[in-house]
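Here the structure comes first, spelled out in structure tokens, and everything after it is commentary.
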Amino acid sequence: MLDNTQEIRPIPTASQPAQKKSPWYLLTGLILGLILGLVYAWVINPVIYETSSPANLGDPDKDFYRSTIAQVYAATGNLERASIRLSVLEDPDPVYALGGQAQRVLAAGHEAEARALALLASGLQSSQPQPELPAETSSPTHTSAPLGLPTHTLPIPTTNP
Amino acid sequence: MKRRVWRFVLFALAILVGFAAGLGYGWAINPVRYTAASPDSLRMDYQTDFVLMTAELYQADGDLALALARLGFLGNTPPITLIDQAITYAETHLYAASDLKVMRDLAADIQQALDGAQ
């Protein structure tokens with residue numbers, strides 16, 4: 001038996017080749033440009049900050065800065081100012097950072113510096129508010145005085161430009 | 001032929017748009033962050049505070065050589081220049097008189113040492 005069905009194919013017209021062309025070349029150009037732009041912005045000509053904060057310093061410089069703060073605290077006893085100064089280093093846990101550095105410095109044989117660091121760590125820890133006790137066991141609680149507002153003599157730390 | 005030229009122009013435009021987007025992202029939205037900046041790039045208020053710390057320590061220990069060594073942390077700028085800049089900044093931003101005094105004392109002692117050395 002003969003099959004009389006025939007495949008019907010559209011007759012190609014002059015405008016069809018253009019319709020079949022997909023705009024992938026545009027996407028290719030866009031991605032190519034994007035890659036070139038990122039390479040230029042990150043590698044060839046990156047943004048260079050002319051000013052930075054102590055938080056951007058390398059670890060050895062941060063240690064030196066932290067140690068200087070601790071020595072000033074040991075000399076002046078001004079905990080509020082030391083606390084503000086430490087905050088610009090943006091350590092996740094300043095007490096832990098001070099304690100760790102004190103141990104390293106002590107191991108290197110710098111006792112006076114280690115003592116200053118430990119003293120500041122201790123001062124900060126004792127100034128932190130104590131967790132409240134349950135109501136039934138509560139006794140007259142001692143809460144440390146909150147840190148005062150920074151004086152205008154010390155620059156208020158701001159975020160990285 | 002005309003179609004090919006048009007496609008080439010669109011392709012070039014796409015590259016340009018992508019390039020501009022890459023620059024915007026790489027410069028403004030997510031710029032390179034340096035995690036190890038040098039101390040001499042510290043902003044002026046931080047430099048002034050470091051000079052103040054050095055002056056406070058000098059007031060406590062009286063060790064001029066150590067104070068000069070500490071000021072070396074801020075780079076190769078001559079210490080007297082650093083202190084003068086810090087004092088100017090502190091005066092402009094109304095630092096406390098006591099803070100200005102310790103910085104001026106350190107500046108005077110450094111100047112005296114420099115004069116004596118010459």
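Throughout, read-outs are computed from the coordinates displayed, never taken from laboratory work. The model shown is predicted, which means the values in this text are computed figures rather than measured ones. Using ideal geometry, Cβ is built from the backbone for each residue, glycine included, and neighbour counts are taken over all protein chains shown.
Between the amide H of B:Val32 and those of A:Val47, distances stay under 5 Å, these residues lying 5 or more places away or on another chain, with hydrogens modeled in the peptide plane. Entry note, chain B: the mean residue ellipticity at 222 nm calculated from DSSP H runs of n ≥ 4, each adding -39500 (n - 2.57), is -24000 deg cm²/dmol after division by the residues and rounding to the nearest 500.
Looking at segment A:53-117, the GluC sites (Glu not before Pro) that sit in a DSSP loop and have at most 16 other Cβ atoms within 10 Å of their own Cβ are A:Glu90. Shape class of segment B:1-84 from the alpha-carbon gyration tensor: prolate, with a/c at 1.5 or above and a/b greater than b/c. Pick from B:Ala60, B:Ala12, B:Ala97: which residue has the top mean-square fluctuation in a GNM of chain B where Cα pairs under 10 Å get a spring? For chain B, modelled as a Gaussian network with Cα springs under 10 Å, the answer is B:Ala12. Distant-in-sequence amide contacts of B:Ala37, defined by a placed amide H-H separation under 5 Å and a gap of 5 or more residues or a different chain, comprise A:Leu57, A:Gly58.
Classify segment B:40-109: rounded, prolate or oblate, from the alpha-carbon gyration tensor (a ≥ b ≥ c, eigenvalue square roots; a/c under 1.5 rounded; otherwise prolate if a/b is larger than b/c)? It comes out oblate by the Cα gyration axes. Shielding value for A:52-62 is 5, the average number of Cβ atoms from other chains within 10 Å of each residue's Cβ.
Under 5 Å from the amide H of A:Ser52 lie the amide H atoms of B:Leu42, B:Arg43, each residue being 5 or more positions distant or on a separate chain, with H modelled from the backbone and absent for Pro and chain starts. Placing a label point 7 Å from the Cα of A:Arg104 along the Cα-to-Cβ direction, the residues of segment A:64-84 whose backbone N falls under 11 Å from that point are A:64-67. Across segment B:54-118, the relative contact order, built from alpha-carbon pairs under 8 Å that are at least six residues apart, equals 39 percent. Using a cutoff of 8 angstrom between alpha carbon atoms and counting only pairs six or more residues apart, the relative contact order for chain B works out to 25 percent.
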